[in-house]
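Right, one structure below, let's go through it.
Just so you know, all these numbers are worked out from the coordinates, no wet-lab data involved. Computed from a predicted structure; not experimentally measured. Glycine also receives a Cβ, built like all others from the backbone with ideal geometry; neighbour counts cover every protein chain displayed.
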Amino acid sequence: MTYRIRGLDPEQFAHLFGAGEAERASHLARREIAVDGRYPCRVSLEDAERGEELLLTHFTNHTVDSPYRNAFAIYVRKSADQAAEFVDTLPPILRARPIALRCYDRDGNLHRAAISLSDDVDTLVRSLFDDPDIAYIDAHNAMHGCFAARIERYEVMA
């Protein structure tokens, strides 16, 4: 079983970096500078370096018409100009931190869930995808609850 994880399209955030504070606020966003701690970028799928400019913005990651619609704050690095893609391997933001995995069916309803506390996301994802009713998995930071990345089944074309 192969899976793919892609970063978010940076174009949907680009205009906010050049916007004024009032316009960013109207989009539920603000400019931040990375200091101590982790600032996981949802475009590059890696943590920002100290001193990097970021956008902290509200983002709807699960846009279904059901009670499972989900939105929360996410970080986007200003320097992230291309969506990362990982096939059968984990991006840095899904390593070495507690990750909650929310598994959805084809209709966007929650089907199962799991949590990784010991850097075993890859093993859990492969096991979860053994269930044919799971269409995709949304990974979230377990402590803060924010969306990290979508994990999709992936067919490699020969």
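Taking the numbered list (1) surrounded by 14 or more Cβ atoms within 10 Å (Cβ to Cβ); (2) in contact (Cβ under 8 Å) with a residue 60 or more places away in the chain in turn, TYR104 passes all entries but (2). Taking every residue in segment 8-29 that is touching a residue at least 24 places away in the same chain (Cβ under 8 Å) and closer than 30 Å to GLU152 by Cβ and pairing it with any residue that is loosely packed, with under 11 Cβ neighbours inside 10 Å and of a type outside the set (Lys, Arg), at least 6 positions away or on another chain, the pairs with Cβ-Cβ distances below 7 Å are PRO10/GLN82. A count restricted to segment 110-158 and to residues that are small (Gly, Ala, Ser) and more than 18 Å from the chain's Cα centre (by Cα) stands at 3.
Residues that are touching a His at 6+ places or on another chain (Cβ under 8 Å), more than 26 Å from GLY18 (Cβ to Cβ) and crowded, with 19+ Cβ neighbours inside 10 Å do occur in segment 77-99.
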